[in-house]
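Scroll down for the structure; my scribbles are underneath it.
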Amino acid sequence: MPDIPPRTPTDDLTDRLAHARYPRSNGYDVRWIIENQMGPHPLWLLEWLAPALGLDALRPCARVLDLGCGRALTSVFLAREYDVQVTAADLWVEADENARRVAEAGFADRVLPVRTEAHDLPFAEGSFDAIVSVDAYQYFGTDDLYLPTLTRLLKPGGRIGVVVPALREEPEGAEPPEHLKAHWDPGFWAWHSAGWWRRHWTRSGAVEVEAADWQPDGWRDWLLWSEVCAAESTDARRADMARESVALLDADRGRALGFVRVVGRRP
């Protein structure tokens, strides 16, 4: 895979980002990830999600929808690590652009990029063995009516697993936590606790919730990654976004912010 060379032990940046909890992710070129990232480290988050999703959902040749795939890094990871067939769906990135990136990585035969909106998915009922969404589901999945329409795309017994930016606890009232007010964006109201997501999915009746948990020290990973991207990204906009994340996470220091993973099974 020409654009995903193996880890180089003499690279200080690679050594800084080598993570004991994410051994699979350590095998990817960090600069390839930095130049194609669109937020928190997508491979770290997917590697945390995968065990909860289960190897049956990610068995070889399974059909997986990577919903909100961004620049298809998670799609390449799924194809490479689990030998699954991936439909890489995103609204913000052109399908042709992702197709070139996927082909350069050597996975054109296992990843099909599609540009589509999350409410207009052009797939038949029961098309997929699994649905995965990393740092994207919060943009559309808080709608009470969304999950039942999405999970119709799963085969019976299929699983959906997501990782989302989250709050440790639901805030009281209509104001953000006091220590975060200076950094708060209205979009952050789509961030919720593990308990909120469990209730949200359970009451939909669309899935049996198998996991809804908080990532221990997830904010530390997020902060480290943001610091690296702020310093190393050659894209000015993404570097600025990383600096904003650094300021937000520095203000919080793990009091409120982190990640939640949620996994459900279609009955």
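What pairs come out if I take residues in region 116-140 that are under 26 Å from Trp48 (Cα atoms) and pair them with residues that are at pLDDT below 95 whose C-beta lies under 8 Å away, six or more apart or interchain?
Going by the 8 Å Cβ cut-off, the qualifying pairs are Asp129/Ala57; Ala130/Ala57.
With Leu153, Leu224 as the choices, which residue is under 20 Å from the mean Cα position of the chain (by Cα) and closer than 22 Å to Ser75 by Cα? Break it down into steps so the answer makes sense when it comes.
Working: Leu224 fails: closer than 22 Å to Ser75 by Cα.
Just a single option satisfies the conditions, and that option is Leu153.
Just to verify a result, which residue in region 121-132, among those that are farther than 21 Å from Met38 by Cβ and of a type outside the set (Gly, Ala, Ser), is surrounded by the most Cβ atoms within 10 Å (Cβ to Cβ)? Show your work before the answer.
Start the filter on region 121-132 by keeping residues that are farther than 21 Å from Met38 by Cβ, which leaves 122-130.
Subset that is of a type outside the set (Gly, Ala, Ser): 122-123, 125, 128-129.
Working: Pro122: 8, Phe123: 15, Glu125: 9, Phe128: 25, Asp129: 21.
Looking at the filtered set, the residue picked out is Phe128.
Can you tell me which residues in region 211-225 are part of a helix (DSSP H, G or I) and either of a type in the set (A, V, I, L, M, F, W, C) or open to solvent by 10 Å² or more (accessible area, probe 1.4 Å) (or both)?
First pass over region 211-225, keeping only residues part of a helix (DSSP H, G or I): 218-225.
Of everything in region 211-225, those that are part of a helix (DSSP H, G or I) and either of a type in the set (A, V, I, L, M, F, W, C) or open to solvent by 10 Å² or more (accessible area, probe 1.4 Å) (or both) turn out to be Trp219, Arg220, Asp221, Trp222, Leu223, Leu224, Trp225.
Let's see how each residue does on (1) modelled with pLDDT of 95 or more; (2) farther than 25 Å from Leu13 by Cα; (3) open to solvent by less than 20 Å² (accessible area, probe 1.4 Å):
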| site | (1), (2), (3) |
| --- | --- |
| Pro40 | yes, no, yes |
| Leu43 | yes, no, yes |
| Ala50 | yes, yes, yes |
| Leu55 | no, yes, no |
| Leu58 | yes, yes, yes |
| Leu67 | yes, yes, yes |
| Leu73 | yes, no, yes |
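Which condition number does His19 fail, the rest of (1) more than 25 Å from Glu232 (Cβ to Cβ); (2) in contact with a helix residue (DSSP H, G or I) (Cβ under 9 Å, 6 or more places away or on another chain) being met?
Here His19 meets the rest and fails (1).
Quick check: anything in region 173-188 among the aliphatic types (A, V, I, L, M), under 23 Å from Arg220 (Cα atoms) and assigned to a loop (DSSP other than H, G, I, E, B)? Quick ask: steps written out before the conclusion?
Applying the first criterion (among the aliphatic types (A, V, I, L, M)) to region 173-188 yields 174, 180, 182.
Now narrow it down to the ones that are under 23 Å from Arg220 (Cα atoms): 180, 182.
Checking which are assigned to a loop (DSSP other than H, G, I, E, B) leaves us with none.
Looking through region 173-188, none of the residues is among the aliphatic types (A, V, I, L, M), under 23 Å from Arg220 (Cα atoms) and assigned to a loop (DSSP other than H, G, I, E, B).
Count, please, the residues in region 184-202 that happen to be open to solvent by 70 Å² or more (accessible area, probe 1.4 Å) and touching a residue at least 40 places away in the same chain (Cβ under 8 Å).
The first filter runs over region 184-202 and keeps only residues open to solvent by 70 Å² or more (accessible area, probe 1.4 Å), leaving 185-186, 189, 198-199, 202.
Those still in the list that are touching a residue at least 40 places away in the same chain (Cβ under 8 Å) too: 198.
Here the count works out to 1.
Sort through Glu244, Glu208 and tell me the only one that's at pLDDT 95 or above, within 26 Å of Arg159 (Cα to Cα) and open to solvent by 70 Å² or more (accessible area, probe 1.4 Å).
Numbers: Glu244 fails: within 26 Å of Arg159 (Cα to Cα).
It is Glu208.
Give me the pairs, please: first residue somewhere in region 149-169 and more than 16 Å from Ala52 (Cβ to Cβ), second residue anywhere and among the acidic types (Asp, Glu) and part of a loop (DSSP other than H, G, I, E, B), beta-carbon distance under 8 Å, and either six or more positions apart or on two chains.
From region 149-169, the pairs are Arg152/Glu125; Leu153/Glu125; Pro165/Asp135.
From the list Asp83, Asp135, Asp90, which one is touching a Cys at 6+ places or on another chain (Cβ under 9 Å), acidic (Asp, Glu) and buried (at least 21 other Cβ atoms within 10 Å of the Cβ)?
Numbers: Asp83 fails: buried (at least 21 other Cβ atoms within 10 Å of the Cβ); Asp135 fails: touching a Cys at 6+ places or on another chain (Cβ under 9 Å).
One residue alone meets the criteria, Asp90.
Can you tell me how many residues in region 154-179 are surrounded by fewer than 17 Cβ atoms within 10 Å (Cβ to Cβ) and either aliphatic (A, V, I, L, M) or more than 19 Å from Leu248 (Cα to Cα) (or both)?
6
The values are calculated or read from the model by the stated rules, or taken from the named source; none is laboratory data. In this text the structure is predicted, and so the values were computed from the model without any measurement. All Cβ positions, even for glycine, are placed from backbone atoms using ideal geometry, and neighbour counts span all protein chains on display. Accessible surface is based on the protein model in full, side chains and every heavy atom, while ligands, DNA and RNA are left aside. Shrake-Rupley method; radii C 1.70, N 1.55, O 1.52, S 1.80 Å.
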